[in-house]
Amino acid sequence: MQESLFAPGHRACAGCGMPIVIKLVLDAAGPNTIVASSTGCLEVTSTPFPESSWKVPWIHSLFENPASVASGIEIAFKKFGRTDINLLVIAGDGSTFDIGIGSISGMFDRGHNITYICYDNEAYMNTGVQRSGSTPIYASTTTTPIGTQSPGNLVRKKDMPAIAVAHGASYVATASIAYPVDLRRKVKRSLEIKGPAYIQINAPCITGWSYADGDTIEQAKLVVETCICPLYEYVDGELVGVKKVRNKRPVEDYLKTQGRYKHLFRAEGGDVYIANIQAIADRNAEKFGLLD
Amino acid sequence: MMRVAEGSYAIADAVRCCSPDVVSVYPITPQTHIVEHLSQFVANGELDCEYINVDSEFSSLSSLIGASAAGARTYTSTTSQGLALMFEVLYNASGMRLPIVMTTVNRALSAPLSIWNDQQDSFGVRDSGWIQLYAENVQEVMDLTPQLYRISEDPEILTPSMVCMDGYILTHVYEPVEFLDPELVKEILPPFSPVNVLDPEDPKTFGAFADPSWFTEFRYLQYKAQERALDLIGKVDKQFEETFGRGYGGLIDTYRTDDAEILLVSLGSIVGTIKDAVDELRKEGIKVGLVKIRSYRPFPVETLKEALKDASVVAVIEKDVSVGYQSALLTDIKGALYNTSIRVPISGFAAGLGGRDVAMKQIRKIVENASRVKDEGLELETEFEIFDVNPECL
């Protein structure tokens, strides 16, 4: 096994899903890779000057611009006649779903040969667990707190992969750290296919989701087995593969393990909210044929 | 070769002569003609570069951060709202020490919306760490373009730079200009060969996070690089003159200042009008001269002290206002002279805002004011004025 291209000693929380994402992605991409990242947990925990965990060239500019930065890198290398280098963006969901979406739209639109990886921990975790466009409905965050008048976040999670597909991105996939073989294969495939690619990787956040120590991979597995997070891939707009779910589990199995959902099991009417989440999972199962 | 051309075309041609590897653009009036001409050069095979149409000015500069870090010579241009949208990218580019060169077409900032010229936009990014030079005419913008690449890319400087030019007045004017010879440009502008680039063969981390034990040092090093640029701007101007026969005086230029009692200080295209006004007033026996600021950042404090030390009165004319306290150039000049023995009254005029024409008669009025200050002192006259306000508004 090759040495990891993401060195230990980074400052991510114990139990953070993000470094697992990074290791698996770099493992698949290999050393002939350049990475552009957004501001966020990844950037602050992996590059406290003068240290760096990155054994591939890495650049961070701002929160909302890694897709534009990578676009510039891509065309510069094109000018130099070097088109053999893997070019990745790795950014969090706040950057991807919200503040950077204009830059991402431009990157897709212009057809750059870049794989955009979103490590999706479903809130602004670096600033202290505020709601992002990726936060699922009824999750409690510090800006969608529960209270007598509120059951947490009232907005459903934005369907970012569908937005990528609508742009005509060559390759769009979702992945999970609980399925590393699938994850690595998807990264490799995205790099083989010419044109813009988008891979959204579920990345449990022990701090923001508030689950038990040692449970990170279990979380990543449960979200897939409940069909809350379907794993699929699109090539040129066509759905070409889904990760089948053998034994679909009720969403309670996932929700009850996390502090951000605990109010659903305590407050009056919580069962209705849980039923709504179950309906989302059921629709996913049907839409993507997860159970066939 | 001298020929009549539109300002934007001439500038695009000067950019072409600098052989940028990557040009990233977004349209905004009155800057757009420059990037249109560049796209035509690419379409005609006259410029071998990667040219991309991006989704915003924010993205145009962001993409150049990536391209520059990859080792490319980069170019963009913008104006006004576009420059404002770039605000955080400007600081980022200079902090990352990427030698991007930009033409900043000066235009007012909304609200109210105005597409016309003033210099509020570039003054508003004064502290962003970019080298800022202001040009008087199209020829100067053209000539500064390769000079700025030379300065920015110098290993001792590594700082992005912008040449500021007045929107419409210079971008849309047709006048005779001397086109640059690309072969001669090569003599003053060596190929861009940065030491630190994104390269899988030699992986490096760009844009790390600095805690309080490091941040100050990054800023300090930027500050010292701009100080070094003070020398280099003059040197490159001289080198350009030796090669092309056109020199501009370096950090500042002076016009009929030798025995001047009244010194006007200004920058940008208004300088041409002021020179004409100085000629006229001189005929009437008024001892007036002009100091033209070319380099605003780095600010040429020592050069200015020398230029202003014998004046009886100084009047600063600029196209920006710092709402809340006077105008940027005025307060900088006052600051530059404070810790010296030079005690000259200085008054300031924010003129030409949002495209208001500043003609000879306005300059004459400012000189009349300065003349009274000379005789009676500032107490009785203007220290600062937003100039030429419609009396109905007063």
Report summary line: The correct count of residues that are open to solvent by less than 10 Å² (accessible area, probe 1.4 Å) and more than 19 Å from A:GLN2 (Cα to Cα) in the range A:26-39 is 3
Query raised in the report: Out of all the residues in the range B:168-184, is one or more more than 27 Å from the chain's Cα centre (by Cα) and among the aliphatic types (A, V, I, L, M)?
Result: no
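Okay, residues lined up against (1) free of Cβ contacts under 8 Å to residues at least 24 places away in the same chain; (2) of a type in the set (Phe, Trp, Tyr); (3) over 21 Å from A:ALA281 (Cα atoms); (4) surrounded by 21 or more Cβ atoms within 10 Å (Cβ to Cβ):
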{"residue": "A:ARG185", "(1), (2), (3), (4)": "no, no, yes, no"}
{"residue": "A:LYS194", "(1), (2), (3), (4)": "no, no, yes, no"}
{"residue": "A:ILE201", "(1), (2), (3), (4)": "no, no, no, yes"}
{"residue": "A:TRP209", "(1), (2), (3), (4)": "no, yes, no, yes"}
{"residue": "A:VAL223", "(1), (2), (3), (4)": "no, no, no, yes"}
{"residue": "A:LEU231", "(1), (2), (3), (4)": "no, no, no, yes"}
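Could you pull out the residue among B:LYS235, B:LYS275 that is free of Cβ contacts under 8 Å to residues at least 24 places away in the same chain and not assigned by TED's automatic domain parsing to the domain that holds B:THR104? Full working, then the answer.
Working: B:LYS235 fails: not assigned by TED's automatic domain parsing to the domain that holds B:THR104.
After ruling out the rest, the residue left standing is B:LYS275.
Can you tell me which residue in the range A:52-79 is farthest from the chain's Cα centre (by Cα), limited to those that are more than 7 Å from every other protein chain (Cβ to nearest Cβ) and surrounded by fewer than 24 Cβ atoms within 10 Å (Cβ to Cβ)?
So in the range A:52-79, the residues more than 7 Å from every other protein chain (Cβ to nearest Cβ) come out as A:53, A:63-64, A:66-67, A:74.
From what is left, the residues that are surrounded by fewer than 24 Cβ atoms within 10 Å (Cβ to Cβ) are A:53, A:63.
Details: A:SER53: 20, A:PHE63: 16 Å.
Among residues in the range A:52-79 that are more than 7 Å from every other protein chain (Cβ to nearest Cβ) and surrounded by fewer than 24 Cβ atoms within 10 Å (Cβ to Cβ), the one farthest from the chain's Cα centre (by Cα) is A:SER53.
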Requested in this report: Just one of (1) farther than 20 Å from B:VAL101 by Cβ; (2) crowded, with 16+ Cβ neighbours inside 10 Å trips up B:PHE218, so point out which.
Outcome: (2)
Query raised in the report: Given (1) under 24 Å from A:PRO161 (Cα atoms); (2) within 8 Å of chain B (Cβ to nearest Cβ); (3) not β-branched (Val, Ile, Thr), where does A:GLY100 come up short, assuming only one miss?
Result: (2)
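Residue-wise test of (1) more than 20 Å from the chain's Cα centre (by Cα); (2) open to solvent by 40 Å² or more (accessible area, probe 1.4 Å); (3) of a type in the set (Val, Ile, Thr).
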residue: B:ILE286; (1), (2), (3): yes, yes, yes
residue: B:LEU290; (1), (2), (3): no, no, no
residue: B:ILE293; (1), (2), (3): no, no, yes
residue: B:TYR296; (1), (2), (3): no, no, no
residue: B:VAL301; (1), (2), (3): no, yes, yes
residue: B:ALA307; (1), (2), (3): no, no, no
residue: B:ASP310; (1), (2), (3): yes, yes, no
residue: B:VAL314; (1), (2), (3): yes, no, yes
residue: B:SER322; (1), (2), (3): no, yes, no
Query raised in the report: For the range B:59-111, which residues satisfy the criterion of being more than 20 Å from B:LEU133 (Cβ to Cβ), open to solvent by less than 10 Å² (accessible area, probe 1.4 Å) and away from chain A (no Cβ under 14 Å)?
Result: B:ALA108
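Does B:ILE342 satisfy being open to solvent by less than 30 Å² (accessible area, probe 1.4 Å), more than 27 Å from B:SER152 (Cα to Cα), outside any loop (DSSP other than H, G, I, E, B) and not assigned by TED's automatic domain parsing to the domain that holds B:THR159?
Details: open to solvent by less than 30 Å² (accessible area, probe 1.4 Å): yes; more than 27 Å from B:SER152 (Cα to Cα): yes; outside any loop (DSSP other than H, G, I, E, B): no; not assigned by TED's automatic domain parsing to the domain that holds B:THR159: yes.
For B:ILE342, the condition - open to solvent by less than 30 Å² (accessible area, probe 1.4 Å), more than 27 Å from B:SER152 (Cα to Cα), outside any loop (DSSP other than H, G, I, E, B) and not assigned by TED's automatic domain parsing to the domain that holds B:THR159 - is not met.
Quick test for you: out of B:GLU187, B:GLU156, B:GLU140, B:GLU175, pick the one residue that is open to solvent by 10 Å² or more (accessible area, probe 1.4 Å), under 22 Å from B:SER266 (Cβ atoms) and assigned by TED's automatic domain parsing to the domain that holds B:GLU36. Don't jump to the end; show me each part of the working.
Numbers: B:GLU187 fails: under 22 Å from B:SER266 (Cβ atoms); B:GLU156 fails: under 22 Å from B:SER266 (Cβ atoms); B:GLU140 fails: open to solvent by 10 Å² or more (accessible area, probe 1.4 Å).
Within the list B:GLU187, B:GLU156, B:GLU140, B:GLU175, the selection yields B:GLU175.
The values are calculated or read from the model by the stated rules, or taken from the named source; none is laboratory data. Everything numeric here is computed off the predicted structure, so don't read it as measured data. Every residue, glycine as well, gets a Cβ built from its backbone with ideal geometry; the counts of neighbours run over all protein chains shown. Please note that ligands, DNA and RNA were not included when accessible areas were found on the heavy atoms of the full protein model with its side chains. Shrake-Rupley method; radii C 1.70, N 1.55, O 1.52, S 1.80 Å.
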